[in-house]
Structures are given as C-alpha cells and as structure tokens.
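Visitor: Here it is: the structure, laid out below.
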Amino acid sequence: MTDLTQPGEFTLEYATAPESTAIVSLRDTYGLFIGGAWVEPRSGSYFPTINPATEEHLATVAEGGAEDIDLAVVAARQAWESGWRDLSGRQRAKYLYRIARLLQERSREFAVLETLDGGKPIKESRDVDLPLAAAHFFHYAGWADKLDYAFAGRRAAPLGVAGQIIPWNFPMLMASWKLAPALATGNTVVLKPAETTPLTALLLAEVLQDAELPPGVVNIVTGAGATGAALVSHPGIDKVAFTGSTGVGKRIQAELAGTGKRLTLELGGKAANIVFEDAALDQAVEGIVNGIWFNQGHVCCAGSRLLVQESVHDLVLDRLTTRLDTLRVGDPLDKNTDIGAINSREQLEKIQELVASGVDEGAEIYQPDCVLPAKGFFHAPTVFTSVSPSHRIAREEIFGPVLSVLTFRTPDEAVEKANNTPYGLSAGVWTEKGSRILWMAERLRAGVVWANTFNQFDPASPFGGYRESGFGREGGRHGLAPYLNLVGA
Amino acid sequence: MTGPRDTKRSGAGASRLRVPKTYKLYVGGRFPRSESGRTYPVNGPDGGLLAHAVLGSRKDLRDAVKAARSAQAGWVGKTAYNRAQILYRVGEIMEGRRGQFVDELAAGGIDDAEGEVDAAIDRWVWYAGWADKLPAVLGGANAVAGPYFNFTVPEPTGVVGLVAPDEAPLLALVSRLAPIIVSGNTVVALASEALPLPAVTLGEALATSDVPGGVINLLTGKRAELVPWFAGHRDVNAVDLTGVDDADLAAEAERAAADSVMRVTRATGPDADWRSPTAESPYAIEAFLEHKTVWHPKGA
C-alpha cells in the first residue's frame, strides 16, 4: 500500500481540462481606437500578435506612429476640454461603474483572450487578473464623486491628458490600474498596450463603446517601444504613467526633464522573501511558490530572492523542491496548469541567459523533471541554491520562474541582505512572532510588505516602489494623487 | 542700514569695534570651512560687503550627504513625539535669535525683515507639530476584499537635497526644510546664493538645539556649480529644486536625477507664496515620503 505521508512515492495522473476558446471571436486585423472609433494607422504599419504557448498567429494589429499618437492626443485633449473635464463626479462615477459591470459580464471572454495572447494560466487570468480589473474600475468609480474628501485642505483638479504605457505581464489588470484612477479624477487618456499583448486592451475598447464613454476620453494606440516613445515625448500630454522595466523608466524620466509633465513609474524589483525558523513552514513553502511561480515569475514584485534562516535551510529546501515537483507546467488554457508559457521568445532567451549565468557563477541549479511542450515558449521552474549576493541571479531582475536562495542568521542580517538592492518594490516575511513582523516591516525598504502571505493585490491597497522600483502609488486614495493638482482651497 | 560689520550697532558706544562673524558651513553638526578654501563676497543692496560666505564645493556636498546618510537611521528611529519636541525646541531657539535674523535680513535688503522672521518661526512650529500626525492623515487601514489586515504608513524617503531660493532667504528655506525633516528625512540644503547669511545663523541655532548633527546640513555656494551634483548623487533619494530658477539648470538636474530614479519636486505658485498659508501643507511633507503597505492574514 502506498504511504501517502511520504512525498514522491505516488503520482497523480491528470486528465487534460482545457478551457474552450469558443467564447473569443478574434478579428483578422485591429486598427487603432482613437476618438471613439476604429481607425487605420496613418503609419500604414501593422504587426502580428501570437499565442506564446503555440506560436500560432492570433491577429494583426496596427502599429501606431508619431502621427497616430498625435491624433490620439488631440482627440483626448478635445474630449477633455469639451466635456469630460467639467462633467460632475457623479456622472463620471456612473461611466466607471458601467465599465466595471461590463467587464464582470464578459469576464470569461477577457480571461480566455488574456491567456491566449499572453500565455498565463487560465486559472490566474480567470481568478485574479479579470476580477481585479473589474474591481479597480468599481473602486475608483466610487472615488470620482468623493474627491473633495480625499485631500484635506486642498481642492483636487484634474491634470488634462495622461499618456499611459502598460506592460505585458498583466495586460488587462494594468490597463485598469491606469485607466480607472485617471478617469475617476477627470483626466482623459492615451493608452499604449504592450507589443506582445495588445488584444485585451482592444477588446476593452468595445466595452468602452458599450458603456457609451464619450469619444476620445480613452484612446488606445498599439505598438512597440517607438510608439511609447512618441507618446512620452508628445508636447500635448500633461502626465505620463509607466509600468515596465527600470531601464526604460529611467529613460522616460530623463526624457521628461524640464518639460513640467507629471510622472509616475512602477518599475522592476528583486524582492526578498524572508523565512524565519519559527515560520509555519508549510504555509511559507506555499508562499514561496506563489511568490515566484505566480504568472511564470513575470511579476515585478515577485519574491525572487528567498532569504531563509540558516537553521531551516535544508528543511525548507527539501519541502520546496518536493512541492516544486508537483507544479504542472504546460498549456495555459488547461485549468490545471500552474505555470504557463513565457510571454515571448525574447523574454525566454533573457531568462535562459540569466539561468546560464547562475550555473556559470557557481550556484547549484534544481529543476523538476517536467516535460515542456515542444512548441511555444516554456521554461521549467528553477531553484538556485548556494547563491552569493554578488551573483547576477541575486542582483538582476530575471522576470521569470527562477528563484535564488540565500541564507541569513539574524534578523539584522536578513534586513541588510533584503535591502541590499537598488530596487524596493516588495518584500515577504514569514514568522509566527508578531513583534518580529512589525520590526521587519518597519525596516524593509519596500513599498509593499507581505507578512505570512505574498502577491496579494487589491484596488483599495496602495502599490508602488521605493528607490529604483519607481515612485507614485497605484490603488486606494493614494492612487488618486498622481492624476491631480492639489490647489489651495 | 545695519549689518554684521556695522560698528555703530555695538551698543557700547561708537568707539568700540564690533566683532564680525565668520560664516561657515554647517555639516555633520560642525562648522567647517570649505575643503576648497574658497569664499565669495555677500553684498548688501548698496554694494557694501556684508561677509564672505563659504563657496562650497562638490566635495563639501559629498561630505554633507555622507553626514546626512549617517544621521538618517537615528533620526527616523526617534519617536514621532520626540521629533516634534526637538523641532519645537528649534523654534524656541530661533525666537531667541530673532534679532540676529532680522539684522541679517535687513542688511541684505529684505523688506519687512521682522515679518519674515516671525513667519519663519511660526512656520517651523507649524511643521513641528506634524511629526506624530502623518500616518493618521496620510496613511490608514485599507478595506481589502479578503481576510487580511492591510495598512499603509508613510515613511521618510531618506536623504533629501534642497536648493533654497534667493527670495525670502530664511522663510523659504524654513518652509522647505521643515517638511523634509519632520517625517525623519535628513537633508543637505543649499542656502540662498544671494543672501546665505541667515541660513548659516539657522545652523548655529540648530547646533544649540537637540537636532542631532547630520540631520540638517547647510551649504553655501553657487547653484550653477552644485545643483547637478545634488541630482547626480546616487545616495540622495529626493531633491527639491524650488530654488533653481534657471530652466536649463533645472532640466539638467532632472536628467541627472533619472539615473537613480530620484524623486524630484519643487514648490511653485501658491506653494511658493512664502508669506501665505498656502505655502504650508501636509502635501509638502508627503512629497518626501514613501508609502509602505503591509498585509497580514487574519485567522485563528
């Protein structure tokens, strides 16, 4: 008889459980969404978007050029000056509530499309990305008519036109993080989705039309880096909000020097997930798994550096690798899949290069014995032990399913190692001792600290970085400020 | 006109020669001259010499940042109540030196010097009281949709560089300095280039207060020379360019700041109407804060 208390002595066979794609109807070609209508790009240029899990072509998408960005900014400005700016908060709120409801109604369709275009497991797009996206619109809808209560002693005035550039790791969720507070505060927007994941933003345009949002209040211009650069440098925008890499964030900050444009940046991270010897270790192991293998590790706040107290290193690693062996890697549309596709070939190659550096620099690699699909972009979940703080895999953001394990002896050493990075987006602490949690939380230089949990998000909870992880907060009351001028009452 | 070198103000009769002050930097709780040995003349509106101020160098700036970094953990580690009392105490000492501030401002040609000093002391006291109210007003508990306790607390961003304007040499400096340090930041401030003398005197007030050395460091010198190094210093977390009126210099500083994702801010418009209450606000404090959000599960 199989001893079920001994891991590794039995395996479970899973039948495939594919989510149907019938709910999604793709067009062959997508134009740009400017002034409330679909228009062909003046650039005349298009690019393909593919399913990273199969490398199959999904659709052809317009690549906005400088002229297209200009049309979008003009449309946004006109929409702002001709009504949106002066619309009462109560009216703006109702548009946002409509959008939230429409997203909830079409949630499954969006989730399937998100997984098709981006490669993330359907259970994540279905249970995390889309519910949270709708929740953000719902949360900020309720702020639109309460801005007078948000900033004591000051009157809140919108900025004008916001240029928003979002990443490929949570395409629809990041669109909602950007759009909802901007619209609630009375700004209009030009949104530039990521090159590899444009489709849910384009489906969102349908939702905006169905919600009867006035034309030009949100304009969606697809494209790659050059399109984003044209948006950043356009003189007609008042604010830039960017989520993406620290390298690009620095270039945007430099580009905006001397322009007076407002800026918020949500950039990279190299978060420490710190496990003390007194932690509830089984829960901690689940938190480590969630911390680094959620969304293939394509998470700016991923717990990519595990700092484990030396006394429990072997025990934690034993349980972690056992757990790792049970993770299911493969078809993102399969409802049992834990780790889906890497978002693009370029990203896969970047991960592979960093993993190779870890091996070259002398860290010990562990990967479970899993079979990766023959087509598509996949990477096995990976754990590096014997990592030194100087290794590239301990310093650089990998943005993939790769965990680097370091050790510490004392709480002071844990704090020092955790903070020994130019980043400061998030951190995790696992201990059963309440006073230690608060002591650690006070000292960790990070915008979000998850204690005995990890990768939790909520529209009411401010999110954003210290240091080179960016500035400004998204979520909650704090997320309003980047889109407002606070003028003397 | 009365000035630092004016012999008639000795109070012991015209025959007594006054003892003028040597104006130095205030760095790490001490009063060094510049390592460069340089000074520049500070003149009154009639062109007469008021004093030679230190022409601070890039090395002086680096030393000051080092002092500010060293002092930061201790300053933020004090209780907010203690910080409030320490800062209130600075107000008491400024009041005691009121006459000296008035003389220096009047000698520099500032209209209504008494009014400016009064406003500066009152502004300092106003900000002192914010120390223990920031989380209540700027942070709070967040109603997340799940079984978690979730709260957001403001924290100081770290070491801040401040470029004070020429206008209102004491009041503007105080109006930007106080919101930076009240939350637990430490600061390196470049005084008004045209009239830096009250800033140095403020340093003397600070040195006899309970503000630990290194929390506030005061430099004098040329904006054109020092501003790019403020923004380019990788151990400076935020910079306040309120005093940089040269658009090209400001843009150069902002570009340099991008290299370390440094926070850049400046007071303009009503926020820089120094005599007005609009120049004081918790949002001036917030510009030098980071918001940290902490999650913990609820469960038995």
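Visitor: Averaging over all projection directions, find the projected area of the Cα convex hull of segment A:167-309 and quote it in nm² with one decimal place.
Guide: 10.7 nm²
Visitor: Given 0.36 nm per residue, what is the gain on full extension from A:Asp412 to A:Ser390 after removing their alpha carbon distance, in nm? It would help to have the intermediate numbers written out before the result.
Guide: On the way: separation 22, 0.36 × 22 = 7.92 nm, distance 1.90 nm.
Difference between extended and current length: 6.0 nm.
Visitor: What nm value, rounded to one decimal, do you get for the distance between B:Asp210 and A:Asp28 when each label is placed 7 Å out toward the C-beta?
Guide: The two pseudo-label positions are separated by 7.9 nm.
Visitor: A follow-up question, please. Output the pairs from A:Lys123/A:Lys250; A:Lys261/B:Lys78; A:Lys123/A:Lys239; A:Lys178/A:Lys250 with a Cα-Cα distance over 25 Å in this structure; if there are none, say none.
Guide: Details: A:Lys123/A:Lys250 34 Å; A:Lys261/B:Lys78 36 Å; A:Lys123/A:Lys239 35 Å; A:Lys178/A:Lys250 19 Å.
With Cα atoms farther than 25 Å apart: A:Lys123/A:Lys250; A:Lys261/B:Lys78; A:Lys123/A:Lys239.
Visitor: Among B:Ala272, B:Ala136, B:Ala53, which one shows the biggest mean-square fluctuation in a GNM of chain B, springs joining Cα atoms closer than 10 Å?
Guide: B:Ala136
Visitor: In addition: Show me, for segment A:87-100, the HN-Hα J-couplings you get by feeding each phi into the Karplus relation (A = 6.51, B = -1.76, C = 1.60, θ = phi - 60°), rounded to Hz, glycine and proline as x.
Guide: 5, 5, x, 4, 6, 4, 4, 5, 4, 5, 4, 4, 4, 4
Visitor: Scattering from the C-alpha atoms of segment A:272-451 alone, worked out with Debye: what is log10 I(q)/I(0) at q = 0.11, 0.16, 0.20 1/Å?
Guide: -0.44, -0.93, -1.42
Visitor: Tell me the angle of helix B:80-96 to the major Cα principal axis of chain B, expressed in degrees between 0 and 90 and rounded to the nearest ten.
Guide: Compared with the principal axis, the helix lies near 10 degrees.
Visitor: Report the Cα centroid-to-centroid distance between segment B:51-85 and segment A:203-221 in angstrom, as an integer.
Guide: 51 Å
Visitor: Using the Karplus curve 6.51 cos²θ - 1.76 cosθ + 1.60 with θ = phi - 60°, what ³J(HN,Hα) values do you get for each residue of segment A:110-123, in whole Hz, with x for Gly and Pro?
Guide: Whole-Hz 3J(HN,Hα) from phi for segment A:110-123: 4, 5, 5, 5, 4, 5, 4, 7, x, x, 7, x, 4, 5.
Visitor: A follow-up question, please. Charges at C-beta only: +1 for Lys and Arg, -1 for Asp and Glu. How large is the resulting dipole of chain B about its Cα centre, in Debye rounded to 20?
Guide: Details: 32 positive and 36 negative charges, 239 e Å.
The calculated dipole for chain B is roughly 1160 debye.
Visitor: Divide by every residue of chain B the summed helix terms, -39500 (n - 2.57) for each DSSP H run of at least 4, and state the resulting mean residue ellipticity at 222 nm, rounded to the nearest 500 deg cm²/dmol.
Guide: Values: 10 runs with 117 residues, N = 300.
Counting only the DSSP helices, I get -12000 deg cm²/dmol.
Visitor: Let me ask something additional. What distance in nm lies between label points placed 7 Å from Cα along the C-beta direction at A:Ile365 and B:Arg62?
Guide: 4.1 nm
Visitor: Further question: Rounded, prolate or oblate: pick one for segment A:12-133, where a ≥ b ≥ c are the square roots of the eigenvalues of its C-alpha gyration tensor, a/c under 1.5 means rounded, and failing that, prolate if a/b is larger than b/c, else oblate. Show your work: numbers first, answer last.
Guide: On the way: a/c = 3.29, a/b = 1.40, b/c = 2.34.
Verdict is oblate for segment A:12-133.
Visitor: Another question about this same structure. Post the alpha-carbon centroid distance, segment A:346-394 to segment B:236-263, in whole angstrom.
Guide: 39 Å
Visitor: Here is a follow-up. Label segment B:64-178 by shape, choosing from rounded, prolate and oblate, from the square roots a ≥ b ≥ c of the eigenvalues of the Cα gyration tensor; if a/c is under 1.5 it is rounded, and otherwise prolate applies when a/b is larger than b/c, oblate when it is not.
Guide: Details: a/c = 2.49, a/b = 2.19, b/c = 1.14.
It is prolate, given that a/c is not under 1.5 and a/b is the larger ratio.
Visitor: Springs between alpha-carbon atoms under 10 Å, Gaussian network over chain B: tell me which of B:Asn185, B:Asn217, B:Asn150 tops the mean-square fluctuations.
Guide: B:Asn150
Visitor: I would also like to ask the following. Tell me, what HN-Hα J-couplings in whole Hz come from the Karplus equation 6.51 cos²θ - 1.76 cosθ + 1.60 at θ = phi - 60° for each residue of segment B:239-244, using x for Gly and Pro?
Guide: Karplus-based 3J(HN,Hα) across segment B:239-244 equals 9, 10, 9, 3, x, 8 Hz.
Visitor: I've got another one for you. For segment A:272-451: lysine pairs with Cα atoms under 26 Å, gap of 8 or more or different chains, count? Each step should come with its number before you reach the end.
Guide: On the way: A:Lys335/A:Lys375; A:Lys350/A:Lys375; A:Lys350/A:Lys417; A:Lys417/A:Lys433.
Summing the qualifying lysine pairs gives 4.
Visitor: Further question: Between A:Lys375 and B:Ala136, with labels modelled 7 Å along Cα→Cβ, what's the label distance in nm to one decimal, could you check?
Guide: 6.4 nm
Visitor: What residue among B:Ala258, B:Ala84, B:Ala194 shows peak mean-square fluctuation when chain B is described by a Gaussian network model with Cα springs under 10 Å?
Guide: Largest GNM mean-square fluctuation: B:Ala258.
Visitor: Near the amide H of A:Ser461, under 5 Å away, which other amide H atoms are found, from residues 5 or more places off or on another chain, if H is placed in the peptide plane?
Guide: Here A:Gly476 satisfy the definition.
Visitor: Sticking with this one: Please enumerate, by chain and number, the aspartates and glutamates with C-alpha under 12 Å from the C-alpha of A:Lys192, excluding those fewer than 8 residues away in the same chain.
Guide: Of all the aspartates and glutamates, those that pass the test against A:Lys192 - Cα under 12 Å, at least 8 places apart if same chain - are A:Glu63, A:Asp68.
Visitor: Please report, for the Cα atoms of chain B, the Rg to one decimal and the Dmax as a whole number; what are they, in angstrom?
Guide: Rg, Dmax (Cα atoms, Å): 20.0, 83.
Visitor: Please report, in debye to the nearest 20, how large the charge dipole of the protein assembly as shown is about its Cα centre when each Lys and Arg carries +1 at its beta carbon and each Asp and Glu carries -1 there. Could you put the intermediate results ahead of the total?
Guide: On the way: 76 positive and 94 negative charges, 463 e Å.
Approximately 2220 debye in magnitude.
Visitor: To the nearest 20 Debye, how big is the dipole of segment A:324-363 about its Cα centre, given +1 on the beta carbon of each Lys and Arg and -1 on that of each Asp and Glu? Intermediate values should be presented prior to the final figure.
Guide: On the way: 4 positive and 9 negative charges, 39 e Å.
Value, rounded to 20: 180 debye.
Visitor: I would also like to ask the following. Give me the Kirkwood hydrodynamic radius of the protein assembly as shown, using the inverse of the mean 1/r over all pairs of distinct Cα atoms, in Å to one decimal.
Guide: On the way: mean 1/r = 0.0358 Å⁻¹.
The Cα-based Kirkwood calculation yields 27.9 Å.
Visitor: Where the centroid of each part is defined by its Cα atoms, how far is segment A:94-140 from segment B:152-212 in Å?
Guide: When both Cα centres are located, 47 Å separates them.
Every number here is computed from the coordinates shown, using simple stated rules; none is lab data. On a predicted model such as this, the values are computed, not experimentally measured, just so you know. Here Cβ is always computed from backbone atoms with ideal geometry, including for glycine, and neighbour counts include all displayed protein chains.
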